[in-house]
Amino acid sequence: MKKHLPRLRYPFLLVLVVGIALMAGLPEWKAHARKFHTAQEIAKFGQIRMDLPTDTTAWFVGSGKCAGCHGHDPAGFAFITPSGEDVNIADDWAGTMMAQASKDPYWRAKVSHEILINPGAQDDIVNTCTRCHAPLGRFEAEYNNNLPYTISGMLNDSLAMDGVSCGACHQQKDTLFGRNFTGNLHFTKKIMFGPFVNPFSGPMNDFQNIGVQYGPHINNAGLCGGCHTLITDVHDLSGNPTGDKYVEQATYHEWLNSSYSDTFNSAARTCQNCHIPRINTPVDIATNYPFLQSRAPFGKHHLIGGNAFMLKLMRGNMTSVGATCTPANFDTSIARTVRYLRDSTLEGNLFQAARTNDTVFYKVALRNKCGHKFPSGYPARRAYIEFVLMDNNGDTLFKSGMLDGNYNIVNQDAFIEPHYDVINDETQVQIYEMVPVDVNGNLTTVLERADSTYKDNRLAPLGFTNSHSAYDTCRIYGSALSDPDFNRTGIVQGTGADTVHYHIPLNGYSGNLNVTVRVYYQSVPQRWLSEMFASSTPEIDSFETMFNNADHTPLLVAEMLMGGLVTGTNMNELPALQITPNPTTDGLLRVKNYDKYDITAIRVYDLNGKLVDQLSPGKFDGLLQLPHRGVFIIRVETTTKKFTQKIIYH
């Protein structure tokens, strides 16, 4: 009689037990791998990206060592959301300003300019600038007593040319957060910190010789503060240090002095919440290891800033700047940056306050939606208001904030345009900016000569007050301090807003009025560069050529319209164009025959003339989704003609 083996009632338990046994042996992953896998399979498990730096030093590794497992998964398993979106870390990072930090031709030109102006401070300039723009190479040199660091050394250092890569953030220690600045960073030796508990460390440890630890501080805003707070030594015009300090930028301190840093405030969020946006969908975060636990929340490494201009410039000069990413990486980062600037920086509203026989009164109310000043960061950046008033025939009655052919603001004061509460003359224009001056009180863009700030009326973040402990590094300067509605309502500070009052003489005109208000952003204005372009170094000359060939169109971040001429529903200068259905029950519209015209703008406004959406004509596929139920104005423009239609979404 044949003897039968006992039947296993719960086969899944066997799988579970074997799985637990395997997981228990993961610390010895490499030894087991060498017994049971071929050399080719092991190489795949520890794969690298050869298009990125793969060098290893005593302290750091190149991003290529990380991107092999934390980049695109050809199998379509890791870094794929249920909707099919690829959120792999390497590609999201590759086209950002962080990845290009040491390749940035403007930064390279500016460093050479600072050295040319103040050659005695060369070592200090390079050592300071490379801490944040080429951190892995610069700190490897420091830890091996190979300072001073040089630009030529950086150019021959693959980890330095990796920019702000993986280890620049994930190897920072949880020490002195909030007190580090000007690139005084503190790194661990080949230990990566991540936001998830119980990290699976075997492959990184065994194949790349990198330790992995849970580090909750990776989500702390202080992680960003070391580089995004820059305090420089002041020099006079002869290059002699004065002993004073100058706050060139203090984005982290601006965040501290806001509601966003207050954990008891509903607006609280860190730098990472916006610039590495979270999704709650569990994501598999390593290729080739499908058995790993999916992780949530996952931070998309978009690392969005506000410098679409430089991203576009580098996209057009990839060989010259030595970019190792793909054109598609740049295109993705550019699109994200433009959308972020338009959707997440500024809210604008336009009101007609009153009208008399000879004057009309408007209010332009702007509110900062950022967790820091807008604009923030490098002091070249500025935003300005373009205000145009037209009669019913489309003839201009008043204009302020227009650009000339060189993209300079018309009527801008030759010294410094003051901050305005009331504008009643075309020679006045509201510019939100930070303006440094030297020891003699003259304008300067040489950072080593910056002694004090003459004007800083950049829009403060929500909750910003003059009494906060961090105010000394992020002060308001100039006439904005006496503006009764700049970051205040009455005596209460912290609105994060400003209202500009336009009092416009009508000179006897009594007909209908039409207003267009646009707020534009420029990260690298022509005027800021004139001092540097007056000098010559190979880096300056190279960048000047790139700059002169670049697209200098400022970025529109807010728009408000008022009046029948600009928001009317009877304008149809593009007769073949049709928008259907109208009304719509799901908000989805089809724009027919759009490809018959060279369209330059597609914009959606609410009935108050507020811009609620803006589409890129180059990527427009004929479909348009309204954001919510209501009545909207759809405006399609070519260089010479316009189409406007009222749409009802119910």
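The values are calculated or read from the model by the stated rules, or taken from the named source; none is laboratory data. Owing to the predicted nature of the structure, the values given are computational and were not obtained by experimental measurement. In this analysis, Cβ positions are derived from the backbone assuming ideal geometry, glycine residues included, and neighbour counts consider all displayed protein chains. Side chains included, ligands, DNA and RNA excluded: accessible areas come from the protein's heavy atoms. Shrake-Rupley method; radii C 1.70, N 1.55, O 1.52, S 1.80 Å.
Observations on the model:
- Based on C-alpha pairs under 8 angstrom that are at least 6 apart in sequence, segment 272-380 has a relative contact order of 17 percent.
- Net dipole in debye of the chain [+1 Lys, Arg Cβ; -1 Asp, Glu Cβ; about Cα centre; nearest 20]: 3020 debye
- Taking a ≥ b ≥ c as the square roots of the eigenvalues of the Cα gyration tensor, segment 401-543 is classed as oblate, since a/c reaches at least 1.5 and a/b does not exceed b/c.
- Mean residue ellipticity (222 nm) of the chain, computed from DSSP H runs ≥ 4 via -39,500 (n - 2.57), nearest 500: -6500 deg cm²/dmol
- Simple label model, 7 Å out from Cα along Cβ direction - residue 471 to residue 421, nm: 1.8 nm
- For residue 601, the amide hydrogen comes within under 5 Å of the amide hydrogens of 637, counting only partners 5 or more places away or on other chains and with H modelled in the peptide plane.
- On a per residue basis, segment 335-415 carries 42 Å² of accessible surface, using protein heavy atoms and a 1.4 Å probe.
- Value of Rg/Rh across segment 132-246 [Cα atoms, Kirkwood radius]: 1.05
- Table column - 3J(HN,Hα) (Hz), segment 531-547, Karplus curve with 6.51, -1.76, 1.60, x for Gly and Pro: 5, 5, 5, 6, 10, 9, 9, x, 5, 5, 4, 5, 5, 4, 4, 4, 5
- If the segment from residue 573 to residue 541 were pulled out straight at 0.36 nm per residue, it would be longer than the present Cα-Cα gap by 7.0 nm.
- Alpha carbon centroid spacing (whole Å) that separates segment 164-215 from segment 590-630: 44 Å
- By accessible area, using a 1.4 Å probe on protein heavy atoms only, the chain has 53% of its surface on carbon and sulfur.
- Estimated D of segment 96-195 in µm² per second, where Rh is the Kirkwood radius over Cα pairs and Stokes-Einstein applies at 20 °C, 1.002 mPa s: 154 µm²/s
- Treating each Cα of segment 253-325 as an identical point scatterer and summing with the Debye formula, the log10 of I(q)/I(0) at q = 0.11, 0.12 Å⁻¹ comes to -0.52, -0.60.
- Table column - 3J(HN,Hα) (Hz), segment 81-97, Karplus curve with 6.51, -1.76, 1.60, x for Gly and Pro: 7, x, 7, x, 6, 8, 10, 5, 5, 4, 6, 5, 6, 4, x, 8, 5
- Dipole axis of the chain (+1 Lys, Arg; -1 Asp, Glu on Cβ), positive-most option in 434, 282, 500: 282
- Stokes-Einstein D (µm²/s) once Rh is taken as the Kirkwood radius of segment 330-473 over alpha-carbon pairs, at 25 °C in 0.890 mPa s: 138 µm²/s
- On the basis of the beta-carbon distance and an R0 of 41 Å, residue 646 and residue 454 show a calculated FRET efficiency of 0.30.
- Average accessible surface for segment 105-197: 39 Å² per residue, computed with a 1.4 Å probe over protein heavy atoms with every protein chain in place.
- Segment 445-527, relative contact order in percent, only Cα pairs under 8 angstrom and at least six apart counted: 26 percent
- Computed over the alpha-carbon atoms, the chain gives an Rg to Rh ratio of 1.02, Rh here being the Kirkwood radius from the mean inverse distance.
- The simple Förster model, with R0 at 60 Å and r as the Cβ-Cβ distance, assigns residue 123 and residue 631 a FRET efficiency of 0.40.
- Area projected by the alpha carbon convex hull of segment 501-569, averaged over all directions, nm²: 8.0 nm²
- Centroid-to-centroid separation of segment 91-132 and segment 224-242 [C-alpha atoms, Å]: 14 Å
- The alpha carbon gyration tensor of segment 516-611 gives principal lengths a ≥ b ≥ c with a/c of 1.5 or higher and a/b greater than b/c, which makes the shape prolate.
- Note on segment 60-111: Rg/Rh from C-alpha atoms, Kirkwood Rh, equals 1.13.
- The residues of segment 492-646 present an accessible area of 46 Å² per residue when probed at 1.4 Å with all protein chains retained.
- For residue 578, distant residues with modelled amide H under 5 Å away: 592
- Percent RCO, i.e. relative contact order, over the chain, from Cα pairs under 8 Å lying at least 6 residues apart: 12 percent
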